[in-house]
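The values are calculated or read from the model by the stated rules, or taken from the named source; none is laboratory data. Given the structure is predicted, the values throughout are model-derived calculations rather than measurements. Here the Cβ is made from the backbone with ideal geometry for all residues, glycine too, and neighbour counts use every protein chain on show.
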Amino acid sequence: MLDLTTKDVVERKALRINPAKTCQPIGAMYAALGVHACLPHSHGSQGCCAFHRMQLTRHFKEPIMASTSAFTEGASVFGGGANLKTAIKNIFELYKPDIIAVHTTCLSETIGDDCKTMIFQAEGDIPEGKHVIHASTPSYVGSHITGFSSMVKAFVTYLSVNSGKENGKVNLLPGFVDPGDMRELKRILSVMGIDNILFPDTSGVLDAPMTGSFEMYPLGGTTVDEIIDAGNSKLSIALGSYSAEAAGIELEKKCKVPMKTLATPIGIEATDRLMTELSLFSNKDVPKSIEEERGQLVDLMLDSQAYFNGKKVAIYGDPDIVTSLAEFVISLGAIPKYVITGTPGETFVKEVNAMLEKNGIEGSTVKAAADLFELHQWMKNEPVDLLMGNTHGKFIARAEEVPFVRVGFPILDRYAHQYFPIVGYKGAIRLIEMMSNVILDKIDRTCPEEDFELVM
């Protein structure tokens, strides 16, 4: 049943089968949840909002709070302006958020609703000190990554201000990563002694502790005041050209905050570049404790190299994550044979191909706006030793009997992944543990009885 994919690859331009992405509003909703006391609002039908909440709930195993304009047939024909204005009034009265983050859907974009004007017309229903922002996120273009990027940029556009008084902080834009990754980035900044504004920040929101009482707005998340103050920072560092760079560019354009774009700090090289940048910003040496973490990672890379050297790896998922994973795989001595993302954009292909060329790797396939059906076809023709990506790859892994590491978004069939980082040196150590263990599991499962050893 799982192995119905054909080996014959046919070039397809107008069709994607099991695309390696989901829609823009999911990313926008996730970004909004990273702001304290923010209620994401889906300007469209109830079904859209329900799907986005369900997808995020399945990944994070947490209830996702969001509201909807609840389009009916009438709103679909005549526009959803009245629905949005009523929603804004009711949300502030009933749920009392500090800010409402409106994102559009296919339906509201298709009929041409002007959310910016609608929000302006609803100003009388917005309490003093409260805010309403919006981002354009139609599902028929882009992906959840571009939706996330658009919403983070919208927070800057609507809120960030340069008051003329520099706060001496660094803005760290983490991109589309899990709460555990954001906690790890904050820990690194704390150890470095660097004042910072991290946004969005879903730690303390989507990994909040069980207290016995329901909190509509958990204590975590970047505050509105912090996002406003981001316009006074000394530097912005965007971690990921797809998910974080747009907000950094907007901060530079609007508030004159210089910005730098770095790769998502997955693996030793990408983390080294981040630590170097933070050291230059703070004019401080990297602390001994972080140097020790790096040394542990190097030791583990050497210890495990026998299981990675020359192995072929297929990697898929979000572009910023996949690019850094490919670099990390190369540092382990393995070969990224297939590297794909569902998010469209030539930047991804150029970045990965440049990385492969730099390391003298030939014969790999790199593709944006790709799908998992095509990836499966490639693997049938030229197999790999390891598959890395989100839950949707489990069907390929089972059909081809390939060791599989779940990483990225969404992970629907496993628990606790949102608590553990894959960024930084500690995150790289965890990745090696996950990668080596699935390879060793296959060796244990398939080796002859006389080779079944206690020590590998």
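Considering only residues in the stretch 290-314 that are closer than 16 Å to GLU269 by Cβ and β-branched (Val, Ile, Thr), the one that is surrounded by the most Cβ atoms within 10 Å (Cβ to Cβ) turns out to be ILE290.
Within the stretch 220-239, residues that are free of Cβ contacts under 8 Å to residues at least 60 places away in the same chain have Cβ atoms under 8 Å from residues that are among the aromatic types (Phe, Trp, Tyr) in these pairs: GLU226/PHE199, counting only partners at least 6 apart in sequence or on another chain. GLY112 meets each of the listed conditions (1) assigned to a loop (DSSP other than H, G, I, E, B); (2) closer than 25 Å to SER160 by Cβ apart from (2). When LYS367, LYS350 are checked against the criterion of being assigned by TED's automatic domain parsing to the domain that holds VAL313, surrounded by 16 or more Cβ atoms within 10 Å (Cβ to Cβ), closer than 23 Å to SER243 by Cβ and basic (Lys, Arg), LYS367 stands alone in meeting it.
When the stretch 121-136 is filtered for residues that are of a type outside the set (D, E, K, R), free of Cβ contacts under 8 Å to residues at least 40 places away in the same chain and touching a helix residue (DSSP H, G or I) at 6+ places or on another chain (Cβ under 7 Å), the ones remaining, listed by number, are ALA122, ILE126, PRO127, ILE133, SER136.
Restricting attention to the stretch 157-179, the residues being crowded, with 24+ Cβ neighbours inside 10 Å and closer than 21 Å to ILE88 by Cβ number 0. Checking the stated criteria, GLU362 turns out to be among the charged types (D, E, K, R), within 22 Å of MET379 (Cα to Cα), surrounded by fewer than 17 Cβ atoms within 10 Å (Cβ to Cβ) and in the same structural domain as GLY393 (by TED's automatic domain parsing). Would it be correct to say that SER190 is of a type in the set (Ser, Thr, Tyr), under 21 Å from ASP229 (Cα atoms), modelled with pLDDT of 95 or more and over 21 Å from the mean Cα position of the chain (by Cα)? Taking the combined requirement at face value, the residue satisfies it.
Residues that are farther than 27 Å from VAL286 by Cβ, crowded, with 24+ Cβ neighbours inside 10 Å and touching a Gly at 6+ places or on another chain (Cβ under 9 Å) occur in the stretch 200-218; there is at least one. Residue pairs whose Cβ atoms lie under 7 Å apart, separated by 6 or more positions or on different chains, with the first residue in the stretch 187-205 and within 19 Å of GLU293 (Cβ to Cβ) and the second of a type in the set (Ser, Thr, Tyr), are VAL191/SER289; MET192/SER282; GLY193/SER282; ILE194/SER282. Considering the stretch 200-243, and only residues there that are in contact with a strand residue (DSSP E or B) (Cβ under 8 Å, 6 or more places away or on another chain) and among the aliphatic types (A, V, I, L, M), the residue that is nearest to ASN167 (Cα to Cα) turns out to be ALA230.
Total residues in the stretch 5-64 satisfying the condition of being assigned to a helix (DSSP H, G or I) and either surrounded by 23 or more Cβ atoms within 10 Å (Cβ to Cβ) or out of contact with any Ser or Thr (no Cβ under 7 Å at 6 or more places or on another chain) (or both): the figure is 23. In the stretch 106-129, the residue that is modelled with the lowest pLDDT out of those that are over 19 Å from ALA28 (Cα atoms), surrounded by 13 or more Cβ atoms within 10 Å (Cβ to Cβ) and β-branched (Val, Ile, Thr) is ILE111. Of the residues that make up the stretch 323-333, is at least one assigned to a loop (DSSP other than H, G, I, E, B) and either touching a Leu at 6+ places or on another chain (Cβ under 7 Å) or modelled with pLDDT of 95 or more (or both)? For the stretch 323-333, residues assigned to a loop (DSSP other than H, G, I, E, B) and either touching a Leu at 6+ places or on another chain (Cβ under 7 Å) or modelled with pLDDT of 95 or more (or both): present. Within the stretch 296-330, being under 13 Å from LEU356 (Cβ atoms) and among the polar types (S, T, N, Q) holds for one residue alone: THR323. Taken as a whole, the condition of being over 17 Å from SER279 (Cα atoms), in the same structural domain as THR276 (by TED's automatic domain parsing), of a type outside the set (A, V, I, L, M, F, W, C) and touching a Phe, Trp or Tyr at 6+ places or on another chain (Cβ under 6 Å) does not apply to GLY248. Consider GLY44 carefully, then state whether it is within 19 Å of ALA154 (Cβ to Cβ) and either in the same structural domain as LYS130 (by TED's automatic domain parsing) or without any contact (Cβ under 8 Å) to a residue 12 or more places away in the chain (or both). In short, yes.
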